[in-house]
Amino acid sequence: MHRKMANDRWKVALRRAGMPDDRWHMMHVLRHTAVSAWLSAGISARAVAEFIGDTEETVMATYSHMMPDDRDRDRARKAMERFFSRPEADPASASARRDVP
């Protein structure tokens, strides 16, 4: 389906739903939402570029602020390790382990 046809159908759906058909509610916003979610989840820029039919350079230039950095990944890994580790005999240390910074 061509983009214009998709947007025309989308506009009809928006009007029927009582939503404005301005640029903030168009199909392109869904693209940004999907790309942001994929990158935030750690999907590679190369894979995302393939998904959306764009170049890796364009994805990086537009969305790099959405990508978790190594510190985020390290903190997430440590939080998961603490959460899934064996409970210790001392209840105070077990409850402290569940607190995620």
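Below is a table of values for the structure above.
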read-out	value
The stretch 37-85 - residue that is of a type outside the set (V, I, T), assigned to a loop (DSSP other than H, G, I, E, B) and modelled with pLDDT under 90 and, of those, surrounded by the fewest Cβ atoms within 10 Å (Cβ to Cβ)	D69
Selection count where residues are of a type in the set (A, V, I, L, M, F, W, C), within 27 Å of D74 (Cβ to Cβ) and touching a helix residue (DSSP H, G or I) at 6+ places or on another chain (Cβ under 7 Å), scope the stretch 3-50	6
Matching residues, the stretch 14-36, being assigned to a helix (DSSP H, G or I) and either in contact with a strand residue (DSSP E or B) (Cβ under 9 Å, 6 or more places away or on another chain) or over 23 Å from I52 (Cα atoms) (or both)	L14, R15, R16
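The values are calculated or read from the model by the stated rules, or taken from the named source; none is laboratory data. Just so it is clear, the structure is predicted and the values come from calculations on it, not from any experiment. Cβ: placed from backbone, ideal geometry, glycine included. Neighbour counts: every protein chain shown.
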